[in-house]
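The values are calculated or read from the model by the stated rules, or taken from the named source; none is laboratory data. These figures come from a predicted structure and were not determined experimentally. Cβ: placed from backbone, ideal geometry, glycine included. Neighbour counts: every protein chain shown.
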């Protein structure tokens, strides 16, 4: 497809990388010539320098023949105007806008007929929702949900005390005493598709498929603490903290929010009546101690600086905090973080990009398209959910008789309300949901693509 990406910031760069890898023709619009030139050369895309909301610039980007425009600049107003202008020039174009301001989000929902938007994405709100989900199962580093929450892929780290250390996967059921499937392992930064003989080692990060109802059993049998989170410290008063504090207030969780800027503190205190907003520096050890960081069930580092977030999370872990969650924005920070005890890593730009990529794939394949797409194993693999329909090949055939493409694993099947970890006799029929894991991102556009 012909896609215009307006804005080459954090989200824009991730989208360029992902959509180029999937074979789309990209035109990138940005006002920064240096940033634009680097992306154009690296990804063999077309670059247009200028204001993406201007009619002349969009016409130069050939919006007349484009299938989709994605407006991901740092300004909500520019993103809205870009999509409005693009739709005015080309009424058949699909439009996606990144909208971060809560006031605009509500306004767009109530005036959806006025704004010709196919999709809006809010990275900070997505991050807040993901963090809330992680707080409900403190033992997992990450959770990816499928089939309306009935099946999940969760991430665990094998540490020196783990019951799974030096255990072969074929013997894992005897340890965890429930049926799960390890669909990928990250070892020394490299993703591995493990066989039954694969032996887990200290430092491995494993990605486990299981029905949601099994997760609590899995944690209990691994002796991983799962007590309910009651007290949370949020470090940083940005948009993620605003959205997250609102969600946690509804969950009746005690929230302290630490922010340096006085005016921002006043605004947050007014908007979040049940949250204890404190003015102070997150990187100051005495401030954290005064707030009782060692008494918190979870510490979530959400400042605008990756370095500060990493330091706060490391200190929280050192103080015995049961769960730490760290927001990171830069790719280089994420690669460094994997060797550190930072708990769960949240990347708003990656969450946002995954939602957009799913929409793009749905545009390509109106029938049999991916229902959801999740990057796992530091982006070296992806888990894709499909709806089985009457035209899907090999329906009602035992999995042991199927020939799949190399590097493809059927990780879960959901029949109505029941989720199944598949075995050789398992089969799928129309109406089921199938979760597939592959090491080649973008390879699977439809469920039929998994077969050799």
_Qualifying residue in segment 40-59 (condition: over 27 Å from residue 327 (Cβ atoms) and within 23 Å of the chain's Cα centre (by Cα))_ = no
*If you go through segment 416-452 one residue at a time, how many are part of a strand (DSSP E or B) and either loosely packed, with under 15 Cβ neighbours inside 10 Å or out of contact with any strand residue (DSSP E or B) (no Cβ under 9 Å at 6 or more places or on another chain) (or both)?*
2
*Is it the case that some residue within segment 396-407 is buried (at least 17 other Cβ atoms within 10 Å of the Cβ) and under 24 Å from the mean Cα position of the chain (by Cα)?*
no
_Residue satisfying condition, being touching a strand residue (DSSP E or B) at 6+ places or on another chain (Cβ under 7 Å) and more than 13 Å from residue 132 (Cα to Cα), within set 291, 234, 244_ = 291
*asked:* Based on this model, can you work out whether residue 6 counts as closer than 29 Å to residue 382 by Cβ, touching a residue at least 60 places away in the same chain (Cβ under 8 Å), touching a strand residue (DSSP E or B) at 6+ places or on another chain (Cβ under 8 Å) and surrounded by 15 or more Cβ atoms within 10 Å (Cβ to Cβ)?
replied: yes
*Candidates 377, 411, 381, filtered to the one that is at pLDDT 90 or above and buried (at least 19 other Cβ atoms within 10 Å of the Cβ)*: 411
*asked:* So, residue 97, is that one assigned to a strand (DSSP E or B) and either touching a helix residue (DSSP H, G or I) at 6+ places or on another chain (Cβ under 6 Å) or surrounded by fewer than 17 Cβ atoms within 10 Å (Cβ to Cβ) (or both) or not?
replied: yes
*Are any residues in segment 285-300 touching a helix residue (DSSP H, G or I) at 6+ places or on another chain (Cβ under 9 Å) and not in a helix (DSSP H, G or I), and if so, which ones?*
296, 297, 298, 299, 300
*Residues that are in contact with a strand residue (DSSP E or B) (Cβ under 7 Å, 6 or more places away or on another chain) and at pLDDT 85 or above, drawn from segment 91-115*: 93, 94, 95, 96, 97, 98, 99
*When residues of segment 66-88 are filtered for being surrounded by fewer than 20 Cβ atoms within 10 Å (Cβ to Cβ) and either not in a helix (DSSP H, G or I) or not assigned by TED's automatic domain parsing to the domain that holds residue 100 (or both), how many remain?*
3
*Of the residues that sit in segment 140-151 and are over 12 Å from the mean Cα position of the chain (by Cα) and closer than 22 Å to residue 370 by Cα, which one is surrounded by the most Cβ atoms within 10 Å (Cβ to Cβ)?*
151
*Does segment 152-161 contain at least one residue that is modelled with pLDDT of 90 or more, buried (at least 18 other Cβ atoms within 10 Å of the Cβ), touching a strand residue (DSSP E or B) at 6+ places or on another chain (Cβ under 8 Å) and farther than 28 Å from residue 253 by Cβ?*
yes
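In this structure, does residue 11 turn out to be at pLDDT below 95 and exposed (fewer than 15 other Cβ atoms within 10 Å of the Cβ)?
So residue 11 does not fit the description; no.
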